[in-house]
Amino acid sequence: MTANHPYDQLTPEAILTAVETCGVRCTGALLALNSYENRVYRLELEDAPPVVAKFYRPARWSDAAILEEHAFATELHEHEIPAVAPRACTPGSTLAVHAGFRFTLFPWQPGRATELNNSDDYRVLGRFLGRLHRLGSAQSFAHRLRFSVEEFGHTPVHILKTSAMIPDDLRLSYVAITDYLLPRLEDAFAAAASVRWLRLHGDCHLGNILWGREGPYFVDFDDCMMGPAVQDLWMLLAGERADREQQVSALLSGYTEFMDFDPRELALIESLRTLRLLHYSAWLTRRWDDPAFPRAFPWFNTQRYWEDQILTLKEQAAILDEPPLSWRD
């Protein structure tokens, strides 16, 4: 772990000074929100509603990629699709820089964590996702990632294989299961090569969907990308197979009111889950020099974590042989 991480310089004084360069006055009240990839804070303002300041992780995205994220969220908001859009920080731009940190401001929008308790909740959320994807299909990103097995599978596995995180006595087992899985994941995406790629939220789990008085709204487009529609759907499913089939049917019944869905994409769900497992471990490995990560994820570099990962990946290998979820239209 390095003694001096870039975020060490992001002190409360630096945060308040940065935000005030956007023409607002802070009261000094500041609350860190749950974010590790970036640093995100809620700030009270004088004579104005609170704002959320997002300080981007240095060197992760280009300015063009960040501005494309902002433009997508703004486009959704302008079409009355519930997404929290950034506000202008400097004349003509939603992206500002202070003391070497790129940041932007968002309006504070309260809401509760989303709980999908019944089919009606899934249908409501499906309608909003259908509208989001309909707009997302209107054009392509030029600077954001395009989902691929290379980006979310081969690259993470290479990082993990060459890191010191995997215990020596488990390394061969981890290498063996990932070497087995990667060609199968390539085959799954090759079989779906003609499926349409569109602009997505990219990290559409329940933590990035809040429920307000008017219904759900989407936050944190930091991972927006080009990919298959099912990437924004599969993380909303939980439980046994029968539960997930009921959930996906309800979700798609709302979704298809606004956007067509190619049922071949359902065959990608378990491949996407496997790739997320690989990507997540590599993400923690890449970020381990950030002092916030060992504090928040103390179990990561333990024998138990890697034993569980190997077992989970072996289970995924078996699940990949199962037929895809069925969709009852």
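General observations
- Scanning region 62-85 for residues that are part of a loop (DSSP other than H, G, I, E, B) and in contact (Cβ under 8 Å) with a residue 24 or more places away in the chain, we see that the one that is surrounded by the fewest Cβ atoms within 10 Å (Cβ to Cβ) is SER62.
- Qualifying residues in region 106-123 (those that are out of contact with any Ser or Thr (no Cβ under 9 Å at 6 or more places or on another chain) and buried (at least 17 other Cβ atoms within 10 Å of the Cβ)) - the one modelled with the lowest pLDDT: THR114
- Boolean, ASN34 is assigned to a loop (DSSP other than H, G, I, E, B) and under 27 Å from THR114 (Cα atoms): yes
- Among the conditions (1) free of Cβ contacts under 8 Å to residues at least 24 places away in the same chain; (2) buried (at least 16 other Cβ atoms within 10 Å of the Cβ); (3) in contact with a Phe, Trp or Tyr (Cβ under 6 Å, 6 or more places away or on another chain), ALA32 misses just one, which is (2).
- Set side by side, the residues SER194, SER173 differ, and just one is closer than 24 Å to ARG144 by Cα, more than 21 Å from the chain's Cα centre (by Cα) and of a type in the set (S, T, N, Q), which is SER194.
- Restricting region 192-223 to residues that are over 24 Å from ARG39 (Cβ atoms) and either charged (D, E, K, R) or not assigned by TED's automatic domain parsing to the domain that holds PRO263 (or both), the residue that is surrounded by the fewest Cβ atoms within 10 Å (Cβ to Cβ) is ARG213.
- Subset tally (residues that are of a type in the set (D, E, K, R) and surrounded by 17 or more Cβ atoms within 10 Å (Cβ to Cβ)) for region 279-322: 2
The values are calculated or read from the model by the stated rules, or taken from the named source; none is laboratory data. Computed from a prediction, not measured in an experiment: that's the story for all the values here. We place every Cβ from the backbone using ideal geometry, glycine too, and count neighbours over all the protein chains shown.
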